[in-house]
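Every number here is computed from the coordinates shown, using simple stated rules; none is lab data. What you are looking at is a predicted structure, and each value in this text was computed from that prediction instead of being measured. Glycine also receives a Cβ, built like all others from the backbone with ideal geometry; neighbour counts cover every protein chain displayed.
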Amino acid sequence: MQIVGHQKQLKLLQGFLKNSLFFSSYLFWGLSSTGKKQVAQEFVKGLLCQKSVFGGCGKCLACVDLRCAGGFGKASVSKRDFLFIDESFLPSLIIDSDDDKAYGIDTSRAVIKFLSTGPSVAQRKVVLIDNAHSLTQEAQNSLLKIIEEPPSNAVIILISHKPSFLYDTILSRTLQVYFPIIGQAEIYEWITSQHRMMEKEAQEISKFSLGRPGRAHAFLQDRKLLSQFKRAVIQLLSFEGKTSGQKVILLKNFLESDFDLSDNLGLWQGVLRDELLFSCGFEDLAGVLSQKRRARTPELIKSLKKLLSLSDLSDSFPATAEAAFKQMVLSKSL
Ligand SMILES: [Zn+2]
């Protein structure tokens, strides 16, 4: 998938490579599905490339080596100068370990071992950790040591949409690159340049992607997801003005339809955000809603705050967050 938006971030990273300005650790952060990993992958190629070309020159030994090793396709495979860690990573690929889960202390030990030797063909050795917020406290403590005293020619890039789960000591030692959501018009332009479809459908996809190109891509791959999302928005909007009994039935249907708490909280936040924009007279900035809604600003702000705190809770204690979510829907406060 092509990188959508993030011109400022691309320019910054390209500038680092061009001017040989390197940091030993980076944090790419921002909401999920905004394109952090895609940009990180192109940056990694540039860090490895012998000519330091963003995205790789494709011809030098390091670029060929990465391509031959399967590029970024197989998360579990250790490349010669590059290590990619996501939920399928097995520490036993690098060290003696019985841990069959990624993000534990053995993953950090594997990173330390991997970076203990210099690069073979590339400019430097690079470790890319996706969803770095999943690292356990023990793993973060262990990783901190190498972040504090990195070997020469070693680079660690952390990707996270929940950076608050990372230790402050890690955050303060990384160069942070923020990835915001993308404007609806830019996503629409990208969709129509890549796919032939009715204007209305392209508009709908860009609207319901809520500024996240990854989500627009998922909708393009599977239109059922788009209709599920639309149904969820309609359900969310219909809670207002219903009696308690009707709310219970709606909530039951809502929770039973492939319910993903964090995704739905995000959707609800998007809907409330739009209502807030409408109530302040900024209809043009709205993402999901297309009709003017009645103004109820103080209540909206209160609801948004509650949802934001629930988002955090849903990461640590999903069951508690779901219970609070149910209570919130059923109460008169939303
Ligand atoms: Zn190259």
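What number comes out for the charge environment of residue 179, summing +1 per Lys or Arg and -1 per Asp or Glu over other residues with Cβ under 11 Å away?
+4
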> Of 101/162; 45/101; 162/252; 59/101; 11/37, which pairs sit farther than 25 Å apart, going by alpha carbon to alpha carbon?
Replying inline: 45/101; 162/252; 59/101
>> Going by amide H atoms built from the backbone, whose H comes under 5 Å of the H on residue 28, apart from near neighbours?
In response: 158, 159, 160, 177
> So, counting K/R as plus one and D/E as minus one, what does the shell of residues with Cβ under 11 Å around residue 27 add up to?
Replying inline: +2
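Starting from the Kirkwood Rh over alpha-carbon pairs, what translational D in µm² s⁻¹ does region 96-152 have by Stokes-Einstein at 10 °C and 1.306 mPa s?
132
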> What is the Cα centroid distance between region 76-153 and region 168-213, reported in whole angstrom?
Replying inline: 29
>> Sort 109, 231, 215 by Cβ crowding within 10 Å, fewest neighbours at the top.
In response: 231, 109, 215
